Amino acid sequence: MKRLVIGILVAVLVLVLIAPAVLARPDMNKPLPATNVELVKKVTLRGKPGGGGGKPVRQAATGLLGEQLGTGANKYAVIVGISDYPGSGSDLQYCDDDAQDMYAALTTLYGYSASNTHLLTDTGANFTAIRDAISDVKSQAVAGDEVIFFFSGHGTNGVASDGDNERTDEAIVSHNGSSLIAIWDGQLKAWFSGFNTTRIIFIFDSCLAGGMTDLQTPGRVINMACSETGLSYEDSSWGGGHGQFTCYFVDQGMLSGLAGKYDYNGDGKLYQPWDVSAEEAFDYAKANCRWQTPTISDSFGNDLLP
């Protein structure tokens, strides 16, 4: 009897110690609580901001293609661009155009089918829609498939209960139709955990984008428009109206093929203009951006050609 009582007391003690930790685990499928949140708005310039004309130096691109997409493998994408945020004080001009250009590049040049591509813009790019689109791709992608996640919009920072124990967290900014909602870096990490494929490309055209390195894992390339503390810019002079990073990464680098014309490894061979790897597009964007410093986290062997 004494042993039974001791056993019950031990079990109760364990529950008392463990229960708070279990209850404290954040629900990653819902907006997360955060403090000291600061919206860092993408800057819309008016005038002639300059930029362009820079010749890429070899930073990310090697000129050597890594593992190619296998026969029969599928490609999936979630493309998000938010210009029309709830209210009027946070609106942008060209983020939805950024998303449209990314969609055009993937579906016309890189073999992505419309049926496997989620294009979410403005009011349709709410928190739930983004979460569910990622979940849908996760449920379908198998080993060897390819996945792209693109975001253009605002960034924010703060101290969030997103499970990563960072002192300062970064986030991309979505909404629920009436209020802004942050999707924190640790939350995105959780959403992209457990994918069956190790061939994933991320592209962030937002302020504080450099903080998205939490997503790093083997096989992934994370292209970020600026540093962890930097701003991202948009203007009508960039491709008729784009974010600066998207203009050079997607509009000029991919759609116009300008990022594919450099011989990075000195072997005298160039990719075809339409065969622009993620690393080449990044190098081209970094060479041409002004006032912001694009950042990359590349855990893919050699260059990843979508």
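Values in this text are rule-based calculations from the coordinates and carry no lab data. Just so it is clear, the model here is predicted, and its values are computed rather than measured. Using ideal geometry, Cβ is built from the backbone for each residue, glycine included, and neighbour counts are taken over all protein chains shown.
Relative to the dominant Cα principal axis of the chain, helix 127-140 is inclined by about 90°. For residue 178 and residue 213, the difference between the fully extended length at 0.36 nm per residue and the C-alpha to C-alpha distance is 9.7 nm.
For the chain, excluding the exposed loop sites themselves (trypsin sites (Lys or Arg not before Pro), DSSP loop, at most 13 other Cβ atoms within 10 Å), the longest remaining stretch covers 47-166.
Using the Karplus relation 6.51 cos²θ - 1.76 cosθ + 1.60 with θ = phi - 60°, the per-residue 3J(HN,Hα) values for the range 98-114 come to 4, 5, 5, 5, 5, 4, 4, 4, 5, 8, 9, 10, 10, x, 7, 8, 4 Hz, with x marking Gly and Pro.
Taking the convex hull of the alpha carbon positions in the range 46-101 and averaging its projected area over all directions gives 7.5 nm². Here the range 111-179 is described by how far its Cα atoms reach on the three principal axes: 39, 29, 17 Å, from widest to narrowest. Computing FRET efficiency as 1/(1 + (r/R0)^6) for residue 164 and residue 293, where r is the C-beta to C-beta distance and R0 is 30 Å, gives about 0.80. For the chain, the relative contact order is 24 percent, taking Cα pairs closer than 8 Å that sit 6 or more residues apart in sequence and dividing their mean separation by the residue count. Relative to the longest principal axis of the Cα atoms of the chain, the long axis of helix 278-288 lies at roughly 70 degrees.
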